[in-house]
Amino acid sequence: MATLVPVPKLGQSEETVIIDSWRAKEGDVIKKGDVLFEVETDKAVLEVESQFEGTLLKIIVPAGKEVPVMITACVLGEPGEEIPEIAETPAPAAAPAKPAAPAAKPAAAAAPAAPVAAPTQTSAGQVQKANVPFEPTFASASAPVVHIPNPSPRAKKFSQDFLIGLDKINGTGGTVGRVTEKDVKNYLETSGYYDKKITPSAFNLAKKENLELIAIDGSGENGRVTLADIKDAVDEKPQEMNAMRRIIAQRLTESKQTIPHFYVTVSIDMTDLMAKRKQLKEDDINLSVNVFIVKAAAMTLKEFPYVNAMVEGNSVIRKSKVNVGVAVSVDNGLVVPVVKNTDRKALDEIQAEVAELAEKARTNKLTPDEMKGGSFTISNMGMMNVESFGAIINPGEAAILAVSSCTPQAVVIDGEIVIRNIMKVTLSADHRVVDGAMAAEFVNAFKNKLEDIEVWNNMI
């Protein structure tokens, strides 16, 4: 009997998701635990594992489509088994569907690619297909979309032979300005195409990559377009963002456009705390620097409720819970799992939870609920030899703390120059709810906790 596999509800508040890509294809034999597909939520891209076994008979929801959770995504069963009738996938009513990957433009609409070559006409056998799966244009994203009247077959063939884009040609055919073979030939004569020179290997690669030669400047002798020029043009072809990068781009663009950021930086003397960590390690208690940072931030947030807040319209919402998000770098982007009720947890609890969440992030196992509910975020680049940086506030929060590397520095104490381990942190704050004085008080209160070893002696 066939099994209908649903799109799972991955989080309590998730009502719709986008199937970003299918990892299995029809005809594959599926076992429990195999990854069927990846779904895109508003925070990340997550793998969906099969809870059933069988052959993948039919994919119901295509990649790139936003659908309600719990509808049928695919059908598993025995080879040749009858597939039950399934109603058409409904579109979500509330929010507009997120766009799928942009469709590739027709080959004719190539892009800033290359000064054309080929003073000699190529054979028809060398012509590349007109419909290519990859976007060939190099025009900037802001460039207007040009509607090209349907070219004549001969014009299309001619333009492909000479690797030129029909969007550059003014059509004279018919009443709608259809591009004809004559128009293409006129364009070649007037554009300086025949003055271009290109090596045969460069021409073949340009054809394979569907580049427009007239846009490529040659670096060879007398301006000849070389293979290196074509390779450079290939490297510059626009690459579509993966789903995670699209989410990051959307959320952080929203943040910078809607949240008035300002920044406050302090230097923290970590010498005594580093010595304390060394002492603890000798006693088989291994706590990372990041654990102390997270805990100190959580304690400080309790003292400054407006930093642990968010702006909604003309209102400020002070969050009752301190839920610290910890930014984790992964192969295809960045995710922020959240340590709930951070202020109430002991150092070893925070360390264990952060380690578990980071591992789940790197293996793409985080659930939406583990990335929601944050009230404040820490971005720690201390292991990357960074002197100072500013982070972008996560939407729905009022601040984010950027933590830089801890390095030995010469400082003056009691009139003497000594070497101390100094770490800079920068608070990015939402000026709609946090003023400069409050931000300064917050970072100094945070600094004082890390520098006061008695705070930690009483906690361990």
Karplus-derived 3J(HN,Hα) from phi for the stretch 199-206 (6.51 cos²θ - 1.76 cosθ + 1.60, θ = phi - 60°), whole Hz, x at Gly and Pro, runs 6, x, 5, 5, 5, 5, 5, 4
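Please give the net charge around residue 406, taking every other residue with its beta carbon less than 12 angstrom from that of residue 406, where Lys and Arg add +1 and Asp and Glu add -1.
Working: positive: 277, 420, 424; negative: 269, 387.
Its environment carries a net charge of +1.
Over the alpha-carbon set of the stretch 344-460, divide Rg by the Kirkwood Rh and report the Rg/Rh ratio to two decimals. The partial results should precede the final answer.
Details: Rg = 16.7 Å, Rh = 16.7 Å.
So for the stretch 344-460, dividing Rg by the Kirkwood Rh gives 1.00.
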GluC sites (Glu not before Pro) restricted to the stretch 376-443 and DSSP loop, no more than 12 other C-beta within 10 Å: 387
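What does the charge add up to near residue 53, with Lys and Arg as +1, Asp and Glu as -1, over the other residues with Cβ less than 11 Å from its Cβ?
Details: positive: 31, 32; negative: 34, 78.
So the surrounding residues net to 0.
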Given the Cα-Cα distance of residue 355 and residue 459 and 0.36 nm per residue of separation, how much length would full extension add, in nm? 35.4 nm
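Quick one: dipole size for the stretch 326-445, taken about the Cα centre, charges +1 on Lys/Arg Cβ and -1 on Asp/Glu Cβ, in debye to the nearest 20.
Details: 10 positive and 16 negative charges, 50 e Å.
Approximately 240 debye in magnitude.
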Report the paramagnetic label zone for residue 263: residues of the stretch 366-404 whose backbone N is under 13 Å from a point 7 Å from Cα along the Cα-to-Cβ axis. 387-393, 400-404
If packing is taken as the average count of other Cβ atoms within 10 Å, what order do 214-223, 334-343 fall into, highest mean first? 334-343, 214-223
Calculated FRET efficiency, residue 190 and residue 410, Cβ-Cβ r, R0 56 Å, to nearest 0.05? 0.25
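Hey, any idea what % of the stretch 149-301's accessible area is carbon plus sulfur with a 1.4 Å probe?
On the way: 3860 of 7880 Å².
Here carbon and sulfur together make up 49 percent of the probe-accessible area.
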Quick query: amide H of residue 398 versus all other amide H atoms, modeled in the peptide plane; which residues come in under 5 Å with a sequence gap of 5 or more or a different chain? 309
How far apart, in nm, are two points set 7 Å out from the Cα along the Cα-to-Cβ line at residue 87 and at residue 280? 5.6
Exposure of residue 152 as accessible area (Å², to 10), given a probe of 1.4 Å and all protein chains: 20
Label residue 47 and residue 389 with points 7 Å out from Cα along Cα→Cβ: what is the distance between them in nm? 2.7
How far apart, in nm, are the 7 Å Cα→Cβ label points at residue 365 and residue 63? 2.5
Hey, what do the phi angles of the stretch 355-367 turn into as Karplus ³J(HN,Hα) couplings, whole Hz, using 6.51/-1.76/1.60 and θ = phi - 60°, x for Gly and Pro? 4, 5, 5, 5, 5, 5, 5, 6, 9, 6, 10, 5, 9
Per residue of the stretch 231-245, what does 6.51 cos²θ - 1.76 cosθ + 1.60 with θ = phi - 60° give for ³J(HN,Hα)? Whole Hz please, x for Gly and Pro, Karplus curve as stated. 4, 4, 5, 4, 4, 8, 4, x, 10, 5, 5, 6, 4, 5, 5
Dimensionless Rg/Rh of the stretch 280-345 - Kirkwood Rh, Rg from C-alpha atoms: 1.09
Once amide H atoms are built 1.01 Å from N in the peptide plane, which residues 5 or more positions from residue 330, or in another chain, come under 5 Å H to H? 335
12 Å beta-carbon shell around residue 324, net charge (K/R +1, D/E -1): +4
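What accessible area per residue, rounded to a whole number of Å², is obtained for the stretch 358-460 using a probe radius of 1.4 Å? Display every interim value, and only then the final one.
Details: 4640 Å² over 103 residues.
Here the per-residue accessible area is 45 Å².
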Which of rounded, prolate or oblate describes the stretch 376-444 when judged by the alpha-carbon gyration tensor and an a/c cut-off of 1.5? oblate
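Can you classify the stretch 410-459 as rounded, prolate or oblate using the Cα gyration tensor, where a ≥ b ≥ c are the square roots of its eigenvalues, rounded means a/c under 1.5, and otherwise it's prolate if a/b beats b/c and oblate if not?
Details: a/c = 2.84, a/b = 1.57, b/c = 1.81.
Oblate.
How big is the Kirkwood radius of the stretch 334-396, worked out from every pair of different alpha carbons and given in Å to one decimal?
Details: mean 1/r = 0.0763 Å⁻¹.
After inverting the pairwise mean of 1/r, the radius is 13.1 Å.
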Within the stretch 416-450, the residues whose backbone N lies under 11 Å from a label point placed 7 Å from the Cα of residue 272 along the Cα-to-Cβ direction are 448-450
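The values are calculated or read from the model by the stated rules, or taken from the named source; none is laboratory data. All values derive from a computational prediction rather than experimental measurement. Methodologically, a virtual Cβ is constructed for each residue, glycine included, from the backbone with ideal geometry; neighbour enumeration extends over all protein chains shown. Protein only, heavy atoms only, side chains kept; ligands, DNA and RNA dropped before computing areas. Shrake-Rupley method; radii C 1.70, N 1.55, O 1.52, S 1.80 Å.
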